[in-house]
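First comes the structure, then the notes that go with it.
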Amino acid sequence: MRIMIFVDRIKDRLLNIMKNKFFGKMYLGKRLSKTVWEQQFTSGYWDYLYSDDEKGHYLTICELYKRFKPGGKILDVGCGQGVLYYYMSENVKSDVDYFGLDISLEAVKIAQQRFGSEKFMQLDFDRAKVKNKYDVIIFNETLYYFEQPIQIIEQSIFLNLNSNGYFIVSMFDLHANTKIWEELYNNYKFLETRTVMNSKGQKWRVCIFMP
């Protein structure tokens, strides 16, 4: 199993390098295989997301939601084990209209066991389509894991975003994400941008925008 995961990691890295080199800004993201995600959630690798070091950007997402679209129907793309839903239920309201998707079945199982099976579903948003419409679509630390992040936003507008709907995007402060932000700023109407920093000096950019 470990050998298979190692091979998948190498394959993912080589594919991402080739796409970035030959296709430029079409492929700004770095996709990881489902095998890698399953191993990470099974091992508890992402449990640290409940720590105080990560709390700030989750609370910022909650604040932007309450300010611009309170009561709106939420789609959380790349929901993991339900950390954002935890903060939403604690800081927005317990019955927030939320639905989360994740490529990892293990992550979804963890979320379902803790918060309820009806709020989460396993789905590879990079490969499969969602039929329902939402008022707010959230990419919390996930947009850069899609092969073509800007295309994913465009697809979401066409298929999943209600009229007058918003996107909320949070990304860790890495130079590799600069091009994604540039494309987003060039193509969409940004309503608010916030920088969140924790006690370790780690930073996130959290933005809300609309088509």
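Details
- Scanning segment 155-211 for residues that are part of a strand (DSSP E or B), in contact with a Leu (Cβ under 9 Å, 6 or more places away or on another chain) and surrounded by 18 or more Cβ atoms within 10 Å (Cβ to Cβ) yields Leu161, Tyr166, Phe167, Ile168, Val169, Ser170, Met171, Val196, Val206, Cys207, Ile208, Phe209.
- Segment 110-128: number of residues that are without any contact (Cβ under 8 Å) to a residue 24 or more places away in the chain and of a type in the set (Val, Ile, Thr): 0
- Among the residues of segment 132-142, not a single one is over 15 Å from the mean Cα position of the chain (by Cα) and free of Cβ contacts under 8 Å to residues at least 12 places away in the same chain.
A quick yes/no check of all residues on (1) at pLDDT 95 or above; (2) charged (D, E, K, R); (3) more than 15 Å from the chain's Cα centre (by Cα); (4) under 17 Å from Arg31 (Cα atoms):
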site: Glu147; (1), (2), (3), (4): no, yes, no, yes
site: Ile153; (1), (2), (3), (4): yes, no, no, yes
site: Leu161; (1), (2), (3), (4): yes, no, yes, no
site: Glu182; (1), (2), (3), (4): yes, yes, yes, no
site: Gln202; (1), (2), (3), (4): yes, no, yes, no
site: Cys207; (1), (2), (3), (4): yes, no, no, no
site: Met210; (1), (2), (3), (4): yes, no, yes, no
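- Matching residues, segment 133-154, being among the aromatic types (Phe, Trp, Tyr) and in a helix (DSSP H, G or I): Tyr144, Tyr145
- Pair list, Cβ under 6 Å, 6 or more apart: segment 70-91 residue closer than 11 Å to Asp135 by Cα, other residue assigned to a loop (DSSP other than H, G, I, E, B) and not small (Gly, Ala, Ser): Lys73/Asp97
- When Tyr166, Tyr144, Tyr134 are screened for being out of contact with any Cys (no Cβ under 7 Å at 6 or more places or on another chain), closer than 21 Å to Leu32 by Cα and among the hydroxyl-bearing types (Ser, Thr, Tyr), only Tyr144 passes.
The values are calculated or read from the model by the stated rules, or taken from the named source; none is laboratory data. Predicted model only: the values in this text are computed from it and were never measured. Here the Cβ is made from the backbone with ideal geometry for all residues, glycine too, and neighbour counts use every protein chain on show.
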